Amino acid sequence: MAVMLEVAEFKNAIETDNLWRVYRIGNDIEVPALRGLNLQISPGHYIALKGRSGSGKTTLLNCLSGLDRPTSGQVSVLGYDLAKLNDRQLTQWRREQLGFVFQSFGLLPTLSAYENVELMLRIKGVRARERHDRAMYCLDLVGLRKWVEHRPYELSGGQQQRVAVARALVNRPLLIFADEPTGELDSETAREILGLFQRIVAEEGITILMASHDPLVDDYVDMILQLKDGQLAN
């Protein structure tokens, strides 16, 4: 049974106030991954989150997407105070309003490109005709109309990532989180994916927050946020 969430109004797509995430190792050792982080991101922007390994990028994405709970502080995403949502509500919220793109693509190998994208709508209970039209629209948007029947092993790395982007878009999210989306791609293909994200933000009005080490992202994003030791660097 679906969990009904009231539609939230928001000024900032993402907002944190004094966000801390501290991991405990054993009984005595505490390791702070995020240290009082304050962040505001307005809607419709393409933002890169950069920093060395261990700077807190993935921890921040996990807290913003409700996959991890902060130790203290507030997190508001798309107008929702995540602390006020229970696990079922968070799952429903992620499914309806967020998209995710990962370094490893995460496609189901036995399904075609079309089936990988359409599956998200099938899970949501969307009618067959609407599923088809929306899946084809998203695959066309990422330039894969000719490859809809191909399975992941029949596609290049860049094509697989395009399928992953189409899958992230299919539920009409307001916000996409991307974690090292060009990490397994060559430079030319990485530029194609980064340019695709740029076009999606411009044409679809979606907010994209992307964690990346890739220096190529600097040429495409609207803003770069630099994390150092769990804090935003000036």
Notebook entry, point to check: Name the pairs whose Cβ atoms lie under 7 Å apart, with the first residue in the range 61-76 and over 16 Å from residue 230 (Cβ atoms), the second of a type in the set (D, E, K, R), and 6 or more positions between them or separate chains?
Noted result: 65/94; 66/94; 74/17; 74/81; 76/15
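Of the residues 74, 159, which single one is part of a strand (DSSP E or B) and either in contact with a His (Cβ under 8 Å, 6 or more places away or on another chain) or polar (S, T, N, Q) (or both)?
Among 74, 159, only 74 is part of a strand (DSSP E or B) and either in contact with a His (Cβ under 8 Å, 6 or more places away or on another chain) or polar (S, T, N, Q) (or both).
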Next item on the list: Specify the residue that is surrounded by the most Cβ atoms within 10 Å (Cβ to Cβ); the eligible residues are those in the range 12-26 that are outside any strand (DSSP E or B) and not hydrophobic (A, V, I, L, M, F, W, C).
Entry: 12
Margin query: If residue 56 meets every condition in (1) on the phi > 0 side of the Ramachandran plot; (2) free of Cβ contacts under 8 Å to residues at least 40 places away in the same chain; (3) crowded, with 16+ Cβ neighbours inside 10 Å apart from one, which number is that one?
Written below: (2)
Check: Any idea which residue in the range 89-107 is farthest from residue 167 (Cα to Cα), counting only those that are in contact (Cβ under 8 Å) with a residue 40 or more places away in the chain and among the aliphatic types (A, V, I, L, M)?
Finding: 98
Check: In this structure, does residue 62 turn out to be exposed (fewer than 14 other Cβ atoms within 10 Å of the Cβ), under 27 Å from residue 11 (Cα atoms) and out of contact with any helix residue (DSSP H, G or I) (no Cβ under 6 Å at 6 or more places or on another chain)?
Finding: no
Check: Under the condition of being in a loop (DSSP other than H, G, I, E, B) and surrounded by fewer than 19 Cβ atoms within 10 Å (Cβ to Cβ), which residue from the range 221-234 is modelled with the lowest pLDDT?
Finding: 234
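The values are calculated or read from the model by the stated rules, or taken from the named source; none is laboratory data. Everything quoted here is computed from the prediction, not taken from an experiment. Note that each Cβ is placed from the backbone with ideal geometry, even for glycine, and that neighbours are counted across all protein chains shown.
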